[in-house]
1. Starting from residues that are more than 8 Å from chain A (Cβ to nearest Cβ) and charged (D, E, K, R), keep the ones in segment B:6-34 and report whichever is farthest from the chain's Cα centre (by Cα).
2. Is at least one residue of segment B:221-244 more than 25 Å from residue B:327 (Cα to Cα), part of a helix (DSSP H, G or I), touching a residue at least 40 places away in the same chain (Cβ under 8 Å) and not small (Gly, Ala, Ser)?
3. Which one of these is in a helix (DSSP H, G or I), without any contact (Cβ under 8 Å) to a residue 40 or more places away in the chain and open to solvent by 60 Å² or more (accessible area, probe 1.4 Å): B:185, B:202, B:181?
4. Taking the stated definitions as given, is residue A:6 basic (Lys, Arg), facing chain B (nearest Cβ under 8 Å) and either open to solvent by 10 Å² or more (accessible area, probe 1.4 Å) or under 15 Å from the mean Cα position of the chain (by Cα) (or both)?
5. Across segment A:15-24, which residue is least open to solvent (accessible area, probe 1.4 Å) among those that are of a type outside the set (A, V, I, L, M, F, W, C) and at the interface with chain B (Cβ under 7 Å from one of its Cβ atoms)?
6. Name the residue that is least open to solvent (accessible area, probe 1.4 Å), counting only residues in segment B:205-220 that are assigned to a helix (DSSP H, G or I) and either out of contact with any Ser or Thr (no Cβ under 8 Å at 6 or more places or on another chain) or in the same structural domain as residue B:322 (by TED's automatic domain parsing) (or both).
7. Can you tell me how many residues within segment B:93-111 are open to solvent by 70 Å² or more (accessible area, probe 1.4 Å) and part of a helix (DSSP H, G or I)?
8. Quick one: what pairs do we get from segment A:25-48, first residue facing chain B (nearest Cβ under 10 Å), second of a type in the set (Lys, Arg) and in a helix (DSSP H, G or I), C-beta under 8 Å, 6+ apart or different chains?
Amino acid sequence: MHRDERAYARLYQLYVDRIYRFLAAKLPTAADAHDAAATVFLRAWNYCTSTQVDHLSGLLHTVARGVIAEFYRQRRETVSLDEDSSWKDTLSDGSAGAQQVQRDVDVSLVRRALNALPPDQARALSLRYLSDLPISAVAADLKRSVNATNVLLYRAVRSLRKLMEP
Amino acid sequence: MTDHDVKNLLRSLRDEPALGGSFGDRAQKDVWASVAQQAGLSASVKDAAGTSAYTLADYLDYAAHETRAFLRPMAAAAGAAGLVLSGWVTTVSAGNSLPGDVLYPMKLAGERVQIRLAGTPKDRVRLHAAFAERRMQEAVEITAKDVPYRTDRMRTAVASMKGELDSAHGELAALQVSAPELVAEAAAVLARKTEALNVLLEQAPVSDASEAVLQEVAVARETVKQAETQTVSTLVETHEQYEQAVTSEELQRNFRREYQRTAVRFTTARSRAAVLREAVAALPAEEAGSYLAAANQAVTELLPLDKLLADAMNVMAAGGYRRAFDLLAQAGNILNGVEGELAAQEIQYTAGRMVEPERPVEAPPEEPTDVPETTEAP
């Protein structure tokens, strides 16, 4: 890719939301997700300006997985994604009602289930239902056909349901 | 819980911060600002994204970038090819250079590299001998050319040739210790090269050369002669020590060559003495006296050569290589003295007889033959 700042800024606007969702689902705090997102887009910029890139979304997710791995390696402490204590602190305070508590529980369950899914299925669910992208956009992001994406989403929903059922 | 419930649940949680739902415009700008600061981009993502169309400069910049992908390897390949080609051209040019030329040191450097890369003393002997031949060719070429500093260049070439021959003999001596079975083969290479050097020397155009150049030719001739003697000496020593069939064959080959050369010189010297005697027969007695005395002296000095050559042949047949070559060397020394004296007498006689050449008598103009015959009038 050429050092076209304008093009990269537009791509950033297009992809930052889905990358942030990918990171937020795996990192303990919003601040960590922000920092990781900046790192991902900086590394992608450096890579794109020196190498031809055919599939930017794939590159961004690959870089993001590397950043997440680095994050946990550098922290040298196990952060349990199941507990999500950091996100709980930001989401609910002591005065929350029963509805909010139930919502927090759902979030925790969904995060845990998404992280337990195969990466492609988790990414398809995130793009389709959390980022609310049309099937064609999800298919383009995953570099699959629409039919293949539909099948993938079907399996992902069933897997998620099984993981969330008591 | 049905699949539909799962989808609805996901949709309902899309704004949850723990699932990335809190990433609004503010966060988007913050993350971009962080990226922009480190990458040197515009701090505002909206400014960076812009709305204006690309300019011609942008398109040209992009085209240059796209073409760079294949131009770079092409340029690298072209550069490498250029280097190889220029190196080849330089090497070829240096190969034809003579002492005193700009590229001559490069030629010598290339030869040094070849010698350093040579794996065995035998290979080094072969290379030194080949380079000695090159030096001799250069010397002959300088003799033929009208170049500035001809004598100095000639001296450099001859000195380098001597250096190469000395190095070859040094390697031969090393081979004598480390691998005596290879000495004969290496010495054969050296002997053939020294023979080639003699041929080159004979081809040197010395007719109109200056005294200094002639002197250098004489030095070259003496150097080659010494090299031949040294090669034979090494072969004799090796043979006396190890008595190998190969050294014996090589010595016999060298002997035959040297014997033949000496015999030819002997016959020629005798003929020259006879010619001188006949030439001065018509001169007045007082003038012819010194020439006749010199010719007779030459014939007298040549008398023992018959026996020397015969003895050398017999001793060689009996296996006395060292003695046989010594006898040939004695014959050669006698011939050197006789040839020198005869040459001096011949020059003196020729100088005394030199007269101004008579002008050729002009022939009367011939009658034209292509004039048509005149026909008589009826």
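The values are calculated or read from the model by the stated rules, or taken from the named source; none is laboratory data. Keep in mind the model is a prediction, meaning the values are calculated, not measured. Neighbour counts run over all protein chains shown; Cβ positions are idealised from the backbone, glycine included. Surface areas here come from the heavy atoms of the whole protein model, side chains and all, with no ligands, DNA or RNA. Shrake-Rupley method; radii C 1.70, N 1.55, O 1.52, S 1.80 Å.
1. Looking at the filtered set, the residue picked out is B:15.
2. The initial filter retains those residues of segment B:221-244 that are more than 25 Å from residue B:327 (Cα to Cα), namely none.
No, every residue in segment B:221-244 fails to be more than 25 Å from residue B:327 (Cα to Cα), part of a helix (DSSP H, G or I), touching a residue at least 40 places away in the same chain (Cβ under 8 Å) and not small (Gly, Ala, Ser).
3. Values: B:185 fails: without any contact (Cβ under 8 Å) to a residue 40 or more places away in the chain; B:181 fails: without any contact (Cβ under 8 Å) to a residue 40 or more places away in the chain.
Step by step, each of B:185, B:202, B:181 is checked, and only B:202 is in a helix (DSSP H, G or I), without any contact (Cβ under 8 Å) to a residue 40 or more places away in the chain and open to solvent by 60 Å² or more (accessible area, probe 1.4 Å).
4. Details: basic (Lys, Arg): yes; facing chain B (nearest Cβ under 8 Å): yes; either open to solvent by 10 Å² or more (accessible area, probe 1.4 Å) or under 15 Å from the mean Cα position of the chain (by Cα) (or both): yes.
Yes: the conditions hold for residue A:6.
5. To start, the set of residues in segment A:15-24 that are of a type outside the set (A, V, I, L, M, F, W, C) comprises A:15, A:17-18, A:20-21.
Next, from what is left, pick out any that are at the interface with chain B (Cβ under 7 Å from one of its Cβ atoms): A:17, A:20-21.
Values: A:17: 49, A:20: 0, A:21: 16 Å².
Ranking the qualifying residues of segment A:15-24, first place goes to A:20.
6. Initially, segment B:205-220 is screened for residues assigned to a helix (DSSP H, G or I), giving B:211-220.
Add one more test, that the residue is either out of contact with any Ser or Thr (no Cβ under 8 Å at 6 or more places or on another chain) or in the same structural domain as residue B:322 (by TED's automatic domain parsing) (or both), and what stays is B:211, B:214-215, B:218-220.
Working: B:211: 140, B:214: 65, B:215: 119, B:218: 51, B:219: 65, B:220: 2 Å².
Residue satisfying both the conditions and the ranking: B:220.
7. Adding up the residues that qualify gives 2.
8. A:25/A:111
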